[in-house]
Structure formats: structure tokens, C-alpha cells
Amino acid sequence: MRPDELRAALAQAAVDWVDESVRQVEADPGAVARLFPRAARACGRAPLGKAPGWTADEAARALLLAALPADRVAAEVERLYRYGDANEKRAVLRALPLLPVGDAGVPLLHDAIRTNDTRLVGAALGPYAAHLDAATWRQAVLKCVFMGLPLSIVDQLDERADEELRVMLAGLAEERAAAGRPMAADATGLLNRLSGTALRKEA
């Protein structure tokens, strides 16, 4: 999702607020600190039909961050995440793929993955999760299974899933079977796909 697509998905009243707020951030980057928390009140939290998975406040906050000068983005993103509430943290995580931060946002993903907040864990496994190392990414996928999150939220799941993840999922499946607790269908499906790939390689 590009910034222009997010803007186009907003209602006109929200667009007006965002455009004015973006002008303020461009004139004074420090203004983002007071505008970022106001986005929900100004734009609402309704899901955006033209931007699936996004809410109005998340889109507005992402556009504010995208208006920051490149040399200020990483520091402002880190500060807004650290001091924000859960909704603000999620907005920061959702915005990371749109921002010129390189690997600077990776510590925020680590923090989100350590939480028990399903919305933060899910947001951490979007497109920016490409910056996670393989071991951390595998643990995050396994945490999704533990938390009952649908694996459809994991960006590039099939592309990144590997033999080590198969072994981890197989171990979890055995533990759950022994306890009489079946694994979720999507996790079982992933395990089956990975097991089939492993068998084809052995053949």
C-alpha cells in the first residue's frame, strides 16, 4: 500500500485533516508528536474499504510519518512507538514499509513480537518483517500459532518457510496431539506443504 493509495482511501473530512497536518509536519517535523495521537479523534477508526486491513487512524498516522524528512524519520518513529498506546504502536508498525528507515525499525518489531498483544504481533509480521533474521522470524511465526493468529497475516510466509520451521511446527504438532489439542488448520496446512517439499527433495 502506497501513501497516495492510503490518502485516496480516506473520507474527505479525514483527507482535509491529514493534508493540513502534513503541511504542519513538513514545516515543523516536531509537530508530529502532537498530531500523531490526535489522528483517531480527527479521522476515526473505521476500517478502510479501499485499503484492506487498514483503519482510518492508521492511514492518517502513516501519512504523517511519510511527511517527515528522511533524516528525522527513524528517531521520530522510535519515539512515537515507545511512548504511544497500543493503537499508535500498531500504526507505527504498519507504516514501517512506507518509510526510509532501513533496518532501524527492527528493534520495534522485536518489541512487538515479545508482547502478548495479538494486534502488535500481527502488525510486526507485515512486509517490513523482511528485515527480520530467519531465526527471529521463525519464532514469530510459531508465536502466531501459539496465540491463535491466522497465518495469513504473515507476509511472504511460503517464500520464507524452511526446513527449520517445519521441524519446529512438527514438534509443536506432536506436543498438541499428545495433549489432545489439535493444531490450527492453517498451521497444519503449512506443515503439510513443508513436509511435502522435504519429501520431494529427498526423492
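So if each residue of separation counts as 0.36 nm, and I subtract the Cα-Cα distance between Ala70 and Gln12, what length gain in nm does that give?
Going from the current span to full extension adds 18.1 nm.
Please work out the ratio of the alpha-carbon Rg of the chain to 2.2 N^0.38 Å and round it to two decimals.
For the chain, the normalised Cα radius of gyration is 1.15.
Before I look further, what does the chain give for accessible area per residue, probe 1.4 Å, in whole square angstrom?
Heavy-atom accessible area per residue stands at 49 Å².
Roughly speaking, what is the stretch gain from Ala178 to Leu142, that is 0.36 nm per residue apart minus the C-alpha to C-alpha distance, in nm to one decimal?
Value of the extension gain: 11.2 nm.
Please list, by residue number, everything in region 107-142 whose backbone N is under 20 Å from a paramagnetic label point 7 Å out along Cα→Cβ of Asn192.
Hits in region 107-142 for Asn192 at 20 Å: 142.
For Phe146, Phe36, give me the order by solvent-accessible area with a 1.4 Å probe, most accessible first, ignoring ligands, DNA and RNA.
Phe146, Phe36
How large a share of the accessible area of the chain, in percent, is made up of carbon and sulfur atoms when the probe is 1.4 Å and the other protein chains stay in place?
Exposed carbon and sulfur together represent 53 percent of the surface.
Using the alpha-carbon atoms, what tilt in degrees (0 to 90, nearest 10) does helix 185-202 show relative to the longest principal axis of the chain?
The answer is roughly 60 degrees.
Rg to Rh for region 10-125: what is it, with Cα atoms only and Rh by Kirkwood?
Reported Rg/Rh, Kirkwood definition of Rh: 0.94.
Please get the size of the charge dipole for the chain, origin at its Cα centre, with Cβ charges of +1 on Lys and Arg and -1 on Asp and Glu, quoted in debye to the nearest 20. Don't skip to the answer; put the middle values down first.
Details: 26 positive and 28 negative charges, 96 e Å.
Once rounded to the nearest 20, the dipole reads 460 debye.
Kirkwood hydrodynamic radius, region 67-177, all distinct C-alpha pairs: what's the number in Å?
Evaluated over region 67-177, this radius sits at 14.6 Å.
Counting Lys and Arg as +1 and Asp and Glu as -1, what is the net charge of the other residues whose Cβ lies under 14 Å from the Cβ of Val145?
Here the charged neighbours net out to +2.
Taking region 8-106, which trypsin sites (Lys or Arg not before Pro) meet the DSSP loop condition and have no more than 16 other C-beta atoms within 10 Å?
Within region 8-106, the qualifying trypsin sites (Lys or Arg not before Pro) (loop, at most 16 other Cβ atoms within 10 Å) are Arg45, Lys50.
List the relative contact order of region 19-173 as a percent without decimals, with contacts defined as Cα pairs under 8 Å and 6+ residues apart.
RCO, region 19-173: 15 percent.
Which value in deg cm²/dmol, rounded to the nearest 500, describes the helix-derived mean residue ellipticity at 222 nm for the chain, given -39,500 (n - 2.57) per DSSP H run of n ≥ 4 and division by the residue count?
-20000 deg cm²/dmol
The values are calculated or read from the model by the stated rules, or taken from the named source; none is laboratory data. Predicted model only: the values in this text are computed from it and were never measured. All Cβ positions, even for glycine, are placed from backbone atoms using ideal geometry, and neighbour counts span all protein chains on display. Accessible surface is based on the protein model in full, side chains and every heavy atom, while ligands, DNA and RNA are left aside. Shrake-Rupley method; radii C 1.70, N 1.55, O 1.52, S 1.80 Å.
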